[in-house]
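Step one of this worksheet: look at the structure below.
The values are calculated or read from the model by the stated rules, or taken from the named source; none is laboratory data. A quick note: this is a predicted structure, and the numbers were derived from the prediction, not measured. Cβ coordinates were reconstructed from backbone atoms using ideal geometry, including for glycine residues, and neighbour counts include every protein chain displayed.
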Amino acid sequence: MGPDEETQAALEEIRASIDNIDAALVHLLAERFKNTQKVGRLKAEHDLPPMDPAREERQITRLRQLAADADLDPEFAEKFLTFIIDEVIRHHEAIRG
C-alpha cells in the first residue's frame, strides 16, 4: 500500500523545493569557483602561494559560527568548506602550472 494522494502531493512539493535549492547551490558554487579562479590567476601573476592557511582558518571559524547560528552541524559545515578549499587549492596549483 503506497502513500495516499495528499501525502504524495506533499512529498512532491517538498522535493520540488529541494530541487530548486540544489540548483541554486550549483549556481552559487559555480560563481564561487569563477571568483576563486580569478584569485588563483592573481596569485600566480604575483607569485603568491596557492594556499593561505590563516585565511582558511578564519573562514572555517566563520563558517562554523554561521552554521551554528543556522542550526546546521558545524562539523558538517567545516567538512563541506574544507572540501571546497581543497578543490580551490587544486585549481590554484593547476593555474601556476
* Asked: If you check residue 78 against the conditions, is it surrounded by 10 or more Cβ atoms within 10 Å (Cβ to Cβ), part of a helix (DSSP H, G or I) and modelled with pLDDT under 95?
  -> no
* Which residues, counting only those in the range 10-49, are over 26 Å from residue 84 (Cβ atoms) and either of a type in the set (Phe, Trp, Tyr) or surrounded by fewer than 11 Cβ atoms within 10 Å (Cβ to Cβ) (or both)? -> 12, 13, 14, 16
* Which ones in the range 1-52 are in a helix (DSSP H, G or I), touching a residue at least 12 places away in the same chain (Cβ under 8 Å) and of a type in the set (A, V, I, L, M, F, W, C)? -> 29, 33, 39, 44
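Suppose the filter is charged (D, E, K, R), in contact (Cβ under 8 Å) with a residue 12 or more places away in the chain and in a helix (DSSP H, G or I); does residue 55 pass it?
For residue 55, the condition - charged (D, E, K, R), in contact (Cβ under 8 Å) with a residue 12 or more places away in the chain and in a helix (DSSP H, G or I) - is not met.
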